[in-house]
Amino acid sequence: MHFQSPGAFVINVGFVTIRWYGLLIATGFVIAAIMAHHLARRWKLDPEQVTNLCLISFIGGIIGGRLYFVALNWSSFWSQPLEIFAMWHGGMSIHGGIIGGFLTAAIYSRIAKLPVLRCFDLGGCVMPLAQAIGRWGNFFNSEAFGQPVPDNFPLKLFIPRESRPYQYFSHEYFHPTFLYESIWNLLVFLFLYHFASKKLYKYPGLTFLLYIDLYSLGRLMIEPIRVDSIMAGETPVPIIASAASLIIASILFLALLAYYKKKGITVPIPD
């Protein structure tokens, strides 16, 4: 199967410019927010507060994703600081988005007197769906691709010469790593939303930590074949971030589970 991006723009006429990247991120947010509402009703959380939570978390995620990317690429921004705000030129980090989104969710939950860990579980259930949709923005931008593949490879992505790293100018087809991660995130969503969120309901916080574990595991499997990752020496930064997240989340998952079992804390599963 052969993939080739039709271009980054949905509309680019005069002053009207709509990019696929932004449209898909917004679409992912809207669909994930709808799914969050369905789950929130089952968990008897206030719909209006959940709407506010989704919007604030989305804004926090956008800000966090951009600041994380800028920090890792500061040498490209220090001489032209106004480019920090030019998000339409590209440059977001999912790890930064996760940090920013859940940090703002924690702040709002405390202010609104919502159960923080339950809200984290809510976000952990729907975030992978938003990520699965948003990853297709990388396809339209011809980015987040993997190592070169031969012309007869069954699943390949054409990358324009201007978007290839210089060492791969002679190659045309690459691993569609954006697609691999999109599929992985969709599977994570289905598992968390339809299974784990029910089984782990009486243990608030565990579904969120399981999301971090599964997302990190997926990145650790896919990231080694990418060729356009931000590097820290010889190691891609997302691998470092994903490995640290996997270890920390796994330890917290086991510790929180042990705490709940020791305290005999149970919460009835809603109908």
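Bear in mind that the values in this text are calculations on the coordinates, not laboratory data. Keep in mind that what you see is a predicted model, and the values were worked out from it rather than measured. Here the Cβ positions follow ideal geometry from the backbone for every residue, glycine too, while neighbour counts run over all protein chains shown.
Can you show me the helix-derived [θ] at 222 nm for the chain, built from DSSP H runs with n ≥ 4 at -39,500 (n - 2.57) apiece and divided by the number of residues, rounded to the nearest 500.
Dividing the helical sum by the residues of the chain leaves -19000 deg cm²/dmol.
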> Hey, got the Cα dimensions of the stretch 7-263 along the principal axes, in Å, largest first?
Replying inline: 61, 40, 35
> Lysine pairs in the chain 8 or more apart or on different chains: how many have alpha carbons under 28 angstrom apart?
Replying inline: 22
> For the stretch 140-243, which GluC sites (Glu not before Pro) are both in a DSSP coil and crowded by at most 12 other Cβ atoms within 10 Å?
Replying inline: 234
